1. If you go through segment A:33-44 one residue at a time, do you hit one that is in a strand (DSSP E or B), in contact (Cβ under 8 Å) with a residue 40 or more places away in the chain and farther than 20 Å from A:Ile272 by Cα?
2. Can you find, within segment B:54-80, the residue that is nearest to B:Tyr18 (Cα to Cα) among those that are in a helix (DSSP H, G or I) and of a type in the set (Val, Ile, Thr)?
3. Looking at segment A:261-273, which of the residues that are more than 13 Å from B:Asn24 (Cα to Cα) and more than 7 Å from chain B (Cβ to nearest Cβ) is modelled with the lowest pLDDT?
4. Hey, can you tell me all the residues within segment A:1-19 that are free of Cβ contacts under 8 Å to residues at least 60 places away in the same chain, surrounded by 10 or more Cβ atoms within 10 Å (Cβ to Cβ) and of a type outside the set (D, E, K, R)?
5. I'm trying to understand the selection: among the residues of segment B:226-250, which are in contact with a helix residue (DSSP H, G or I) (Cβ under 6 Å, 6 or more places away or on another chain) and farther than 17 Å from B:Thr273 by Cβ?
6. Quick check on B:Leu279: is it assigned by TED's automatic domain parsing to the domain that holds B:Thr245 and crowded, with 16+ Cβ neighbours inside 10 Å?
7. For segment B:114-138, name all the residues that are of a type in the set (Lys, Arg) and surrounded by 24 or more Cβ atoms within 10 Å (Cβ to Cβ).
8. Residues in segment A:95-105: is at least one more than 14 Å from chain B (Cβ to nearest Cβ), farther than 23 Å from A:Phe46 by Cβ, in contact with a Ser or Thr (Cβ under 8 Å, 6 or more places away or on another chain) and buried (at least 16 other Cβ atoms within 10 Å of the Cβ)?
Amino acid sequence: MDNILIAVKDIIMMLKSYLLTKRSLYAFGFSLLFSLMLIVVTTPRFLIESKLIETQTLSSPSSGIDNVLELVSGQSSSSDAYEKFSSHLFSLETAKKMWALGWGTKIYLNQDSSEITQIKKKHSMVDRFSATLMRYQLNPYLDYRDLNRHIVETITVYKSPRAPDINLSGLFISTELGIAFMDDLIMAADLSAKQSQLATTNQRSIAIQDALAVTQPAIVSNSLVALLNSELLTVASLSNDLPYFVIIIDPAHASEYPVSPNVLAVFIANAILFLFIANFLVFLRLKNFL
Amino acid sequence: MINEFFANENYGGSLFYYLFEFSNYIFVLLISLACLKLKKINQTEFYLFQTIFLSTFLFNYFLISPRLFPDQFTYTYHFIYDPGSGLFSGDSWFPNTKWVTSQFFNLIPIPLIMTVSSLIWVSKVYLFLTFVWVKKYISDDRLIILFLLPSIFLYSSLTLREIFIIVTAIIALIHILHNRFVLGIIFTCLVAILKIQNGLFILVFWLLSIIYRISSNNIFLLFILILGSISAILAQDIFLQVITTYRTAFLAENILGWDYNFDISESELLQITSYLDFLYIAAKKIPEFIFLPLPWQWEGLFFIIQFLEAVFIVYLFGIIFFQHNLYKHKQFYTLFLAFLFGLTIYAVITANIGTAIRYRFSFYFPFLLAFYAMHEKIVGKRLLFFGRF
């Protein structure tokens, strides 16, 4: 016990000898100045979030492994609505739709203008050098591929394995822009997924109708009719303007305060760093490293 | 103080992440400096632990996406937004693991909890303090080698409860080994709350140690063995049903990612009908479980590293068991039987490679240190790891 007390006293003395000095006071002062500068030059960013839940889509005939999983779980296997929605969210098709909605100018020029059709693209030195060396053309204007990259970099989509809700989030400088962007993105992604599903369903319906045209045993014909009914039901469900794969629980909304930078945290972090660096430099000088 | 950075996979792409996490690192660095000053660790250990600390920056956001281990977000969320849910939630009789994990995180006051990586520093501190504590029982100055295993770097660099399971299990095992049974059972309960099956394996060691402490007479031990066998036969149905539940749950959780609240009677495919069946499955699966992931299952560099680590750990177990004939001592079997029991259960119930590797390490590592401490306690001679190293 005595040893512990002596050790604690030693540590307190050591901290005192390092922290309660004029040098530490200067370091603290500099940290305050640096933090102020950092906060002033940083653009505040708000968290935009939206909560969705996936709908149960019409399931395709289950495979052997599905049967095993259903057997061990006692539940039917989950719909693939989330996978379809999230894949389309980051697809070029969705980016193309967003670009057509004018999000190119809104994101890259910060203005809502349908007159501007081409936005100049800035290429890095390395890209330009590579293009010159290998003699290929760089795209001079931004297009939907750039918007797709922006979506991938900005938006996070997450579905907890143990909860039905899907969360979309992203950091935006402007709350109005962020909210509108996320709402449009959800609709565009769902529309892409719907169109893809509709194309598949239509092709499947045609194939079933072709099969029905040929004389079949009654049992096969009945199955085909049931399958065709199911496909036609899917077509009917897909042919409207409502989201098909997801249901919007909370439309996009912004955090009340900017998420970044966190002023208090920046002050504390800088104070710790500056105090440490100041004392570490003295330590290095004492050990003749400096 | 708290912001919502952690909700984003990419921490907003700003350098604030590094500013906050380096401040947290300095806090951990000061703790290690204090231990160095107090001569609790030597300079080599101090520098090697700095690499363990700094590996925080290597995994989340750099080598892997934090979403690869989504539980990180669950624990951080629980810690920040739901710290007061209590030990028992709802109608459950079993303590709320997430709440207990939150309390572990709460005990070390990290200055800035800003991202999903911030709580990692708490795990690092626990690991470091455990190392300092274990040094009292394993005087070998090469103990640090065991703390440099790749899995230690990985699991201590994620906001998971793996390190808490390892730390509490090490403390429980060493207390029991040194006949401090009350402290031993307290820590065993903590392990059981964090990972019930690991708690059960340590409980077996606790029971066997008490029996050994009462008498190490051969006739008495034979009597206990017969009594144990009769109890096991009587409890066959319950035991096998629990094992089947876990087998099914592991398969369901790992493949479906759902909660496993389903009707067990439906899972006939995984049903184990007798001890003979259980032993047959165990005999088939233990060799595979020990060396997972096997070369034909490799899907990247991580798998190769984990295979090499598995081989190295088996080598270490071999050295501890056979050098200086530790296996010839009766007390060795109190720990070995508990270890074998755990190994068998895990080999039988785990269903997927990733989970098996993760669970195996949090089970292996405390037992490895406990065997090492037992070797020092019983044999008292220095082990040779690598020839004349």
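1. Going residue by residue through segment A:33-44, those that are in a strand (DSSP E or B) are none.
No: zero hits.
2. As a first pass, look at segment B:54-80 and keep what is in a helix (DSSP H, G or I): B:54-57, B:66-68, B:71-80.
Next, from what is left, pick out any that are of a type in the set (Val, Ile, Thr): B:56, B:74, B:76, B:80.
Numbers: B:Thr56: 11, B:Thr74: 22, B:Thr76: 18, B:Ile80: 20 Å.
Across segment B:54-80, the extreme among qualifying residues is B:Thr56.
3. Narrowing segment A:261-273 to residues more than 13 Å from B:Asn24 (Cα to Cα): A:261-264, A:267.
Checking which are more than 7 Å from chain B (Cβ to nearest Cβ) leaves us with A:263, A:267.
Values: A:Val263: 87, A:Phe267: 92.
Within segment A:261-273, the match that is modelled with the lowest pLDDT is A:Val263.
4. Initial filter on segment A:1-19 (free of Cβ contacts under 8 Å to residues at least 60 places away in the same chain): A:1-17.
Subset that is surrounded by 10 or more Cβ atoms within 10 Å (Cβ to Cβ): A:6-17.
Selection gives A:Ile6, A:Ala7, A:Val8, A:Ile11, A:Ile12, A:Met13, A:Met14, A:Leu15, A:Ser17.
5. Scanning segment B:226-250 gives a single hit, B:Phe250.
6. Working: assigned by TED's automatic domain parsing to the domain that holds B:Thr245: yes; crowded, with 16+ Cβ neighbours inside 10 Å: no.
Taking the combined requirement at face value, the residue does not satisfy it.
7. If we filter segment B:114-138 for residues that are of a type in the set (Lys, Arg), which is where we start, we get B:124, B:135-136.
The one that is of a type in the set (Lys, Arg) and surrounded by 24 or more Cβ atoms within 10 Å (Cβ to Cβ): B:Lys124.
8. The answer is yes; a qualifying residue exists.
The values are calculated or read from the model by the stated rules, or taken from the named source; none is laboratory data. Owing to the predicted nature of the structure, the values given are computational and were not obtained by experimental measurement. Methodologically, a virtual Cβ is constructed for each residue, glycine included, from the backbone with ideal geometry; neighbour enumeration extends over all protein chains shown.
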